[in-house]
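Structure first, then comments.
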Amino acid sequence: MDDEQQPDKGAHGPLAGFTVGVTAARRADELGALLQRRGAAVLHAPAIRIVPLADDSELLAATKQLIDQAPDVVVATTAIGFRGWVEAADGWGLGDALLERLRAVRLLARGPKVKGAVRAAGLTEEWSPASESMAEVLDRLLEEGVDGRRIALQLHGEPLPGFVEALRAGGAEVVGVPVYRWLPPVDLGPVDRLLDAAVSRGVNAVTFTSAPAAASLLSRAGERGMLPELLAAFGHDVLPACVGPVTAVPLQAHGVDTVQPERFRLGPLVQLLCQELPGRARALPVAGHRLEIRGHAVLVDGELKAVPPAGMSLLRALARRPGWVVARAELLRALPGTGRDEHAVETAMARLRTSLGAPKLIQTVVKRGYRLALDPATDAKYTDG
């Protein structure tokens, strides 16, 4: 989304007040910058690491096999993977042999970026789908007939669900070309911090740009005994956003509903979050103001107000029953930590009111507690039942 096309949310950006987790290992800086430019706080936790291509014995073996025994068709799926394959072959002294082999076979490219990588290598693709869809590639191959044919498939991280199986069912021999492999990160600290933030609702969304990253995060949650809590968070308060349907497969296998942009790119993924997260924020008419509660901040009449974590906890507790009095004891339980002194509520409340810049938003009810000063015209809507 271009800056001039963003929703008019003032100078703070449409994602201001929200925290977004980024699990990507590759292009994480680009995704993080796109999110931050729109106001989000970013928690980066690479859930995978990529084995360098030149060090990958599996790719070397697959490359030698294809040079020695020509395939009928080669399917290139990602630009970075295809470029890396050619560069790795050069490093092994096999670059010319690989390119000579690829010139003699039918070469299919999944989309325009892959076409660019193919042509940059001095090759020409025979066909590329307008939809950039692997499903369309599969349909074309099956329509032509694959019985007895040898098809080399550039993998991107893990086998494509159903693609290889369908080709083999049609009688093809499929050779996987693992242009990069995923492994768990060496440092699990950032992943663990993201998991802790997700189950405590300290993030509002988690982005996934590869299926292995999604699978890795779920696996780590299982190792820590947190998988049920993580799935519950994804089901209610934390939005799982995937760059495309293949990326979403590990999450969907656990019953998690995800959101995905129509075009499988980082820009549209960020644009989708710009629509989804503000739409999920709760807005209330309070004391003549419009109060919108976001992840770690609040909008008061469209003006962004930073609020400390303790204040956000109190505000969420009050907003669960707007207009109703919430007792100090209940608010104390909502505060982070396990203190028993109700004076902590008064201190946090004072700071919250200062942060909001409109003290009358929250009323003190003597000897009972506090309440959001819901406007009378809407009071019945929120307090009945």
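The values are calculated or read from the model by the stated rules, or taken from the named source; none is laboratory data. This structure is a prediction, so every number in the text was calculated from the model and none was measured. Every residue, glycine among them, receives a Cβ derived from its backbone with ideal geometry; neighbour counts consider all protein chains shown. Protein only, heavy atoms only, side chains kept; ligands, DNA and RNA dropped before computing areas. Shrake-Rupley method; radii C 1.70, N 1.55, O 1.52, S 1.80 Å.
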Exercise for the section: Under 8 Å between Cβ atoms, at least 6 apart or on separate chains: pull out the pairs that start in the stretch 67-88 with a residue that is farther than 11 Å from Leu102 by Cα and end on any residue that is aliphatic (A, V, I, L, M) and open to solvent by 50 Å² or more (accessible area, probe 1.4 Å). Expected result: Arg83/Ala120; Glu87/Ala54; Ala88/Ala54
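Considering only the stretch 330-344, how many residues are open to solvent by less than 40 Å² (accessible area, probe 1.4 Å) and out of contact with any Phe, Trp or Tyr (no Cβ under 8 Å at 6 or more places or on another chain)?
Residues of the stretch 330-344 that are open to solvent by less than 40 Å² (accessible area, probe 1.4 Å), as a first pass: 331-332, 334-335.
Filter once more, keeping what is out of contact with any Phe, Trp or Tyr (no Cβ under 8 Å at 6 or more places or on another chain): 332, 334-335.
The total comes to 3.
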Practice task
Just name the residue that is modelled with the lowest pLDDT out of those in the stretch 99-114 that are basic (Lys, Arg) and either open to solvent by less than 30 Å² (accessible area, probe 1.4 Å) or not in a helix (DSSP H, G or I) (or both).
Solution key: Arg110
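At pLDDT 90 or above, out of contact with any strand residue (DSSP E or B) (no Cβ under 9 Å at 6 or more places or on another chain), open to solvent by less than 80 Å² (accessible area, probe 1.4 Å) and outside any strand (DSSP E or B): does that describe Ala317?
So Ala317 fails the test.
With the structure loaded, tell me whether Thr63 is of a type in the set (S, T, N, Q), farther than 16 Å from Arg150 by Cβ and crowded, with 18+ Cβ neighbours inside 10 Å or whether it fails that test. Can you show your working first?
On the way: of a type in the set (S, T, N, Q): yes; farther than 16 Å from Arg150 by Cβ: no; crowded, with 18+ Cβ neighbours inside 10 Å: yes.
Here the answer is no, as Thr63 does not meet what is asked.
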Completion exercise
Looking across the stretch 259-287 at residues that are assigned to a loop (DSSP other than H, G, I, E, B) and modelled with pLDDT of 90 or more, the single one that is least open to solvent (accessible area, probe 1.4 Å) is Pro261
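If you go through the stretch 58-97, how many residues are in a helix (DSSP H, G or I) and in contact with a His (Cβ under 8 Å, 6 or more places away or on another chain)?
Going through the stretch 58-97, the residues in a helix (DSSP H, G or I) turn out to be 58-68, 79-91, 95-97.
From what is left, the residues that are in contact with a His (Cβ under 8 Å, 6 or more places away or on another chain) are 81.
The qualifying residues number 1.
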Exercise for the section: Please name all residue pairs, on different chains or six or more residues apart, with Cβ atoms under 8 Å, provided the first residue is in the stretch 317-345 and is among the basic types (Lys, Arg) and the second residue is open to solvent by less than 30 Å² (accessible area, probe 1.4 Å) and modelled with pLDDT of 90 or more. Expected result: Arg328/Val345; Arg328/Gly369; Arg328/Tyr370; Arg340/Leu332
Problem - 1 or more residues within 18 Å of the chain's Cα centre (by Cα): qualifying strands (runs of 3 or more DSSP E) within the stretch 154-244 - result: 181-183, 205-208, 239-242
Completion exercise
Here the qualifying pairs (Cβ atoms under 6 Å; residues six or more apart or on different chains; first in the stretch 116-135 and at positive phi and surrounded by 12 or more Cβ atoms within 10 Å (Cβ to Cβ); second modelled with pLDDT of 95 or more and among the hydrophobic types (A, V, I, L, M, F, W, C)) come out as none
